[in-house]
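Values quoted throughout were computed directly from the atomic coordinates according to the rules given, and no laboratory measurement underlies them. Note that the coordinates shown come from a computational prediction; the quantities given were computed from them, not determined experimentally. Don't worry about glycine lacking a Cβ; one is built from the backbone with ideal geometry, like all the others, and counts go over all protein chains shown.
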């Protein structure tokens, strides 16, 4: 069986949107869909402070929620292989465990319980920084039209980010816009560039084309547009996301062999106007 697409659900409107996006993605990529709901484990760990029926009630509610989610998927995608799991654990850990061997993990931007607002440090933001597989946070406008936009940092290995972006564009028959944004001249000087904006842009574009050149041969039918922007990366990518169906960025950093969000990825997650895929390094 191919690696599934895992989606977390908590019954909120945002997680319902994530479920729909994940189901469409699974159908498009011909992968199974696995729906997960986590019952926070604290009711089981503190029985002296809760009515005896509390944990059972939460478990029943979770099972009903998963049944309803699966039925919604089957109504629209009757042939999609769909499974569900109820987990008694902290939400982030439950989703990490359930997506350990998945193709990608899909989440809503906010919701109930562990799916609190991104602006408040949600499960979605935490998982984007901890997961070793791509994490898609469904926020902003969800559409089946528009470009795939990918942000590239030429100071880091962009192989995994570009692989995901090209494949996403190919399966959707969408244009791929590859964006590199730069702003700090001091950083460019340290990297050996002359302080000449036109020359810098030309050099950066040459490096950008070289970075994605191998993927052009692998995906010859993908229409590619590259763009070098004199702007802060968060601003440039957030603006580009307004006309995109998916924005792809890299997690970039590693800490103790685990992915860690860079400042640009963190900022873009807050400001993107479309679903955003965060890709861990290889």
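Per-structure values
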{"item": "Neighbour-count ranking [beta-carbon atoms within 10 angstrom, fewest first] of 21, 77", "result": "77, 21"}
{"item": "Per-residue Cβ neighbour rank within 10 angstrom, fewest leading, 9, 235, 82", "result": "235, 82, 9"}
{"item": "Cβ-based exposure ranking for 224, 6, 234, 278, in which fewest neighbours within 10 Å come first", "result": "224, 234, 6, 278"}
{"item": "Fully extended contour minus Cα-Cα distance, from residue 2 to residue 30, at 0.36 nm per residue", "result": "9.2 nm"}
{"item": "Cβ-Cβ FRET estimate between residue 205 and residue 64, R0 fixed at 51 Å, reported to 0.05", "result": "0.40"}
{"item": "FRET efficiency for residue 85 and residue 196, using Cβ-Cβ distance with R0 set to 35 Å, rounded to 0.05", "result": "0.05"}
{"item": "Label-point gap, in nm, between residue 13 and residue 160 - each point 7 angstrom along Cα→Cβ", "result": "3.4 nm"}
